[in-house]
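A.B. asks: I'd like to ask you about the structure that follows.
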Amino acid sequence: MHPLLASLRDNIAKVVFGHADAVDRMICCLLARGHCLIEDVPGVGKTVLATALARSVDCSFTRVQLTPDTLPSDILGVSIYDKATGEFVFKRGPVFANILLADEINRTPPRTQSALLEAMAEATVSIDGRVIELDLPFMVVATQNPFDFDGTYPLPENQLDRFLMRLSLGYPSPSEEARVLRERPGNAPLHTLQSVVNRRQLVELQLQVDKVRLDDSLLDYIVRIATETRKDDALIQGLSPRASLSLAQAARATAFYRGRDYVIPEDILDCVPSVCAHRVVPKSRASARLDATLDIIDRAVRRVPSPA
């Protein structure tokens, strides 16, 4: 593993206990220039994980606690009249940061959720008749409770599709939970966490990910997986071409994270659950839960032979 990535992983692990796989996935998502959605029940460390990643990178970081009365202008910014100049001055909102933590994104109405669509897709914000480019790198880390919890607004398909990965943490083991009680990472340890990767280093790592080789046989493998989901009787909508692009980029980032400059089939398979499960639309509402969708995706992948 690249020394910088090892330092980044170890730094996050100082405050995130028992979720090593989720930490690895988050770092790969950052390397792939993607956005990450962390979905789980309250109290398992979603916000701690997102904040630890942001504090470990020396970039600008903002956090927005989304509520039912949050407006799009609370995220994007607003124009204010300046009496001294007689002109309107645009006050930038929290979206103008390298890493944005959108906490409990599904507790805010769809109108506010959609304010992030352009920023996540194109790294730009259109406001007052002009287009403003966001500083790179740009990453949105959003947390949400399961869709069947009270007070939640389900994210629409086009919003979910903007997230490269959707992760679920689950409960820690008894020993790790005891460590959480003992060290209380949500308090002082998290706030004193120091950055180990600067902005220039992160951009360079992302450029190296783009150079990771993906053989034509593996490209065909990704296409065949996507095609198989489109034929699945349990799904209304299978994987889109954008999902195939996301799976390929996530596989490159995974290979680079593991110390290789080429992708192998295992890199693709390891990325399928986090990259693909939230991009399909099941016919049954009961199948919309993350675990049920993962089963559908897994059956589709098993029907596609892996290249040698």
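A.B. asks: Looking at the stretch 196-212, is at least one residue in contact with a Lys or Arg (Cβ under 6 Å, 6 or more places away or on another chain), surrounded by 14 or more Cβ atoms within 10 Å (Cβ to Cβ) and within 30 Å of PRO109 (Cβ to Cβ)?
C.D. replies: No.
A.B. asks: Another question, then. Mind checking which residues of the stretch 158-217 are of a type in the set (D, E, K, R), outside any helix (DSSP H, G or I) and in contact with a helix residue (DSSP H, G or I) (Cβ under 7 Å, 6 or more places away or on another chain)? First the steps, then the outcome.
C.D. replies: First, the residues of the stretch 158-217 that are of a type in the set (D, E, K, R): 161-162, 166, 176-177, 179, 182-184, 199-200, 204, 210-211, 213, 215-216.
Next cut, outside any helix (DSSP H, G or I) only: 161-162, 166, 184, 211, 213, 215.
Within the stretch 158-217, ASP161, ARG162, ARG166 meet the criteria.
A.B. asks: Working carefully through the options GLY34, GLY18, find the one that is in contact with a Cys (Cβ under 9 Å, 6 or more places away or on another chain), closer than 29 Å to PRO146 by Cα, touching a residue at least 12 places away in the same chain (Cβ under 8 Å) and part of a loop (DSSP other than H, G, I, E, B). If you could, list the steps in order and put the result at the bottom.
C.D. replies: Values: GLY18 fails: in contact with a Cys (Cβ under 9 Å, 6 or more places away or on another chain).
Just a single option satisfies the conditions, and that option is GLY34.
A.B. asks: Could you tell me which residue of the stretch 66-95 is surrounded by the fewest Cβ atoms within 10 Å (Cβ to Cβ), considering only residues that are charged (D, E, K, R) and over 22 Å from the mean Cα position of the chain (by Cα)? So that I can check it myself, show each step before the final result.
C.D. replies: Here is the first cut: in the stretch 66-95, the ones charged (D, E, K, R) are 69, 74, 82-83, 87, 91-92.
The next check asks that each one be over 22 Å from the mean Cα position of the chain (by Cα); those that pass are 69, 82-83, 87, 91-92.
Numbers: ASP69: 9, ASP82: 10, LYS83: 6, GLU87: 9, LYS91: 10, ARG92: 13.
If we take residues in the stretch 66-95 being charged (D, E, K, R) and over 22 Å from the mean Cα position of the chain (by Cα), then LYS83 is surrounded by the fewest Cβ atoms within 10 Å (Cβ to Cβ).
A.B. asks: Within the stretch 37-51, can you find the residues that are out of contact with any strand residue (DSSP E or B) (no Cβ under 8 Å at 6 or more places or on another chain) and either assigned to a helix (DSSP H, G or I) or hydroxyl-bearing (Ser, Thr, Tyr) (or both)?
C.D. replies: Of everything in the stretch 37-51, just one residue is out of contact with any strand residue (DSSP E or B) (no Cβ under 8 Å at 6 or more places or on another chain) and either assigned to a helix (DSSP H, G or I) or hydroxyl-bearing (Ser, Thr, Tyr) (or both), namely VAL48.
A.B. asks: May I pose another question? Conditions: (1) surrounded by 13 or more Cβ atoms within 10 Å (Cβ to Cβ); (2) part of a helix (DSSP H, G or I). ARG260 meets all but one. Number of the miss?
C.D. replies: (2)
A.B. asks: Which one is nearest to HIS35 (Cα to Cα) among residues in the stretch 71-106 that are in contact with a strand residue (DSSP E or B) (Cβ under 8 Å, 6 or more places away or on another chain) and part of a helix (DSSP H, G or I)?
C.D. replies: Selected residue: ILE105.
Readers should treat all values here as calculations from the given coordinates under stated rules, not as data from a laboratory. Quantities reported herein were computed from a predicted structural model and do not represent experimental measurements. Cβ atoms come from the backbone with ideal geometry, glycine included; neighbour counts cover every protein chain shown.
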